[in-house]
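Written out below as structure tokens is the structure these notes cover.
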Amino acid sequence: MAGAAPATAFGQAVIGPPGSGKTTYCLGMSEFLRALGRRVAVVNLDPANEGLPYECAVDVGELVGLGDVMDALQLGPNGGLLYCMEYLEANLDWLRAKLDPLRGHYFLFDCPGQVELCTHHGALRSIFSQMAQWDLRLTAVHLVDSHYCTDPAKFISVLCTSLATMLHVELPHVNLLSKMDLIEHYGKLAFNLDYYTEVLDLSYLLDHLASDPFFRHYRQLNEKLVQLIEDYSLVSFIPLNIQDKESIQRVLQAVDKANGYCFGVQEQRSLEAMMSAAMGADFHFSSLDEPSISTLGLQEKYLAPSEQSVEQEAMQL
């Protein structure tokens, strides 16, 4: 039928720990997508989210409220949030009735920050799986604070959480280091930025941890965790500053490639755009979108220059 909305819809499931910037990401990404001419619908799936800064097309708070659940069932915030997600899972007909009129929009799902929902609890994964049956192609966009890179122990923990999330959620996945403009507010990086974004040889992190009297006793445990991460070899990160349009564009290219949007007809994609997605870089050979060059550019932009020369750093290694 001419003029009918396309059957296949695309979108992003924005997940990550509390305070990682999910709601701010949804606001910034929705504004960026609208500037590109896409019709965007932001869906709030977090019943604890109050005072939303973006225009919300669907709000799970209309179905179930966290405060009401905590009062009625005498649950704390964590247990109440899990119950809310299980309640949504049992009432997916309500969600589908809200989403069907929005066919033809690009969806952004602002998900709860409860870590266990993305690592071992089944409700959120079941909701995403049902959306796939509705021909809604999602990419999981997993945000973590970039300042964790300044602490080797926390960075290994983030890698374990990211890996567990990738294996559990079962969606095309893009990991982001958010708040890049604040990365060195909590300390200096021990290595170049690409060491953390590409998750290079983690044995160097073990050497850093061994210098700490507390972590020295847990060296074997850390070695096993690092070995597990390297055996899967799945985790990598894209740096993100939500206030930088070039940074958002880089993220959007990765997301569009992951969920297949760039191969559709919604924006009259050219062969050149498809080749750019397939190569993982801009087909015009623009330095902005070449991964290695962009990482170096971000390092110069957000990280203070080292006071040591390259020769002095090499001697220390």
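Numbers at a glance
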item	result
Residues of segment 212-225 satisfying the condition of being without any contact (Cβ under 8 Å) to a residue 60 or more places away in the chain and aliphatic (A, V, I, L, M)	Leu221
Residue check, Ala41 surrounded by 16 or more Cβ atoms within 10 Å (Cβ to Cβ), without any contact (Cβ under 8 Å) to a residue 60 or more places away in the chain and assigned to a strand (DSSP E or B)	no
Answer from Asn44, Asn78, Asn49 - the residue that is polar (S, T, N, Q) and over 27 Å from Ile238 (Cβ atoms)	Asn78
Conditions (1) polar (S, T, N, Q); (2) touching a strand residue (DSSP E or B) at 6+ places or on another chain (Cβ under 9 Å); (3) not in a helix (DSSP H, G or I): number failed by Ser247	(3)
Yes/no for Asp68 being free of Cβ contacts under 8 Å to residues at least 12 places away in the same chain, under 17 Å from Leu136 (Cβ atoms) and open to solvent by 20 Å² or more (accessible area, probe 1.4 Å)	no
Search result, residues across segment 226-244 that are open to solvent by 100 Å² or more (accessible area, probe 1.4 Å) and either aliphatic (A, V, I, L, M) or under 17 Å from the mean Cα position of the chain (by Cα) (or both)	Gln243
Tally, over segment 183-225, of residues that are under 17 Å from the mean Cα position of the chain (by Cα) and not β-branched (Val, Ile, Thr)	2
Qualifying residues in segment 145-196 (those that are in contact with a Lys or Arg (Cβ under 7 Å, 6 or more places away or on another chain) and polar (S, T, N, Q)) - the one surrounded by the fewest Cβ atoms within 10 Å (Cβ to Cβ)	Thr150
Segment 193-211 - residue that is assigned to a loop (DSSP other than H, G, I, E, B) and free of Cβ contacts under 8 Å to residues at least 24 places away in the same chain and, of those, farthest from Leu159 (Cα to Cα)	Ser211
Filtered residues of segment 14-24 (kept if open to solvent by less than 40 Å² (accessible area, probe 1.4 Å) and not in a helix (DSSP H, G or I))	Val14, Ile15, Gly16, Pro17, Ser20, Gly21
Qualifying residue in segment 90-98 (condition: aromatic (Phe, Trp, Tyr), open to solvent by 80 Å² or more (accessible area, probe 1.4 Å) and modelled with pLDDT of 95 or more)	no
Failed item in (1) open to solvent by less than 30 Å² (accessible area, probe 1.4 Å); (2) closer than 16 Å to Val14 by Cβ, with Ala123 passing the rest	(2)
Hey, Ala277 aliphatic (A, V, I, L, M), in a loop (DSSP other than H, G, I, E, B), modelled with pLDDT under 90 and surrounded by 14 or more Cβ atoms within 10 Å (Cβ to Cβ) or not	no
Unique residue being touching a Leu at 6+ places or on another chain (Cβ under 9 Å) and open to solvent by less than 20 Å² (accessible area, probe 1.4 Å) when the list is Leu81, Leu52, Leu27	Leu81
Where a residue in segment 163-177 is under 11 Å from Ile238 (Cβ atoms) and its partner, wherever it lies, is in a loop (DSSP other than H, G, I, E, B) and aromatic (Phe, Trp, Tyr), with Cβ under 6 Å and at least six apart	Asn175/Phe237; Leu177/Phe237
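Here's the yes/no breakdown for (1) at pLDDT 95 or above; (2) assigned to a helix (DSSP H, G or I); (3) touching an Asp or Glu at 6+ places or on another chain (Cβ under 9 Å):
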residue: Glu50; (1), (2), (3): no, no, no
residue: Gly61; (1), (2), (3): no, yes, yes
residue: Asn78; (1), (2), (3): no, yes, yes
residue: Tyr87; (1), (2), (3): yes, yes, no
residue: Glu116; (1), (2), (3): no, yes, no
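The values are calculated or read from the model by the stated rules, or taken from the named source; none is laboratory data. Keep in mind that what you see is a predicted model, and the values were worked out from it rather than measured. Reconstructed Cβ throughout: ideal geometry from the backbone, glycine too, with neighbour counts over all protein chains shown. Calculation scope for accessible area: heavy atoms of the full protein, side chains included, ligands and nucleic acids excluded. Shrake-Rupley method; radii C 1.70, N 1.55, O 1.52, S 1.80 Å.
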